[in-house]
Amino acid sequence: MTLTIVAGLLGLSLLDSTSFGTLLIPLWLLLTPGRVRVGNVARYLVTIGAFYFVAGVAIAAGATTALDTLQGTFDGLPEQPMRVAQLVIGLGVVALSYWLEARAKRTQGQPGRLAQWRDRAMTETGSGGGMTRLAVIAATLEVLTMLPYLVAIGILASADLGAPRFALGLAGYCVVMCLPAVALTILRVVGHERVEPTLRRISDFFARNSAKAVGWTVGAIGIGVTLNAIVNLVVLNS
C-alpha cells in the first residue's frame, strides 16, 4: 500500500468521522443529563465500527463480482463513447449535489427525523442492548449514503492488496472513523461539565450542516469524475 493510498484513505476516513452516525449520535450520548455512561458510548462505537467493517467487506465482494461480470461486456466498446458517458454521469452527480444542498436548506431548522433521533439517543442510554440496536439502525440507514466510505472501499479493492491486507486496511479505516468520537468522550470524562458548552456547540454545528455536507461530498466526487473524463477525452482527441 503506497503512501498516496494511505493519505487518501486517512482523509476519507476523517471526513466520514463527521457523519451522523459516527459523530452526531455520540455527541448526543455525551450530552445526556447526568453521569456519562462511557460503557454505552464505547458499545455504540464498537458496534458501528464493526458494522461498517462487515458491510465494507460485503460491498467489496459484491462489487468485485459485478465488475468481473461486466468487464467482458465493456472490453469491446470504443473508449471515447465510454468517456462521454462518464462525463454525463459526472455532470449528473454534480447536479444531484446542488439538489441535495437545496433540499437541506429547505428543511433546515425543521423538527422531524433529526429530533426523533436525538430523543432516541438520549432515552436509550440506560440500555446496553439499546446502544447496539441504535448503532446498527444508524449504520444501516447511513452506510449507502457515505460516499467517502464507498470510494475508500473502491481504492482498497483496486489496489490489489489481497484479502488479509484489504481487511487490515478497512479495519484501520473504521478505527480512524471513530477516533474523533473517542477523543470527545475522553474530553467529556476528564473535563466534566466544563466542556459541555463546547460539545453542545459542536453538536449544533453538525446538526445544522450534516445534510449540507452530503451535498458537498457528492459534488466533490462528481467534479472528480467529470474532470477525469475531460482529461481522458482530451488525451484521446490529441
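Worth pointing out:
- Other residues with beta-carbon under 10 Å from the beta-carbon of Tyr149 carry, at +1 per Lys or Arg and -1 per Asp or Glu, a net charge of -2.
- Exposure proxy ranking, count of Cβ atoms within 10 Å, fewest first, for Phe51, Phe205: Phe205, Phe51
- Taking the number of Cβ atoms within 10 Å of each Cβ as an exposure proxy, the fewest-first ranking of Glu142, Glu196 is Glu196, Glu142.
- Gyration tensor over alpha-carbon atoms, segment 13-58, equivalent ellipsoid semi-axes in Å: 22, 13, 6
- The modelled label-to-label distance for the pair Ala58/Ala163, using points 7 Å beyond Cα in the direction of Cβ, is 1.8 nm.
- With the simple spin-label model, which puts each label point 7 Å out from Cα in the Cβ direction, the Val175 to Phe205 separation comes to 2.7 nm.
- Segment 135-204 versus segment 1-38: alpha-carbon centroid distance in Å: 4 Å
Only the coordinates and a few stated rules stand behind these numbers; no lab work does. What you see is a predicted model; the values in this text were computed from it and never measured. Don't worry about glycine lacking a Cβ; one is built from the backbone with ideal geometry, like all the others, and counts go over all protein chains shown.
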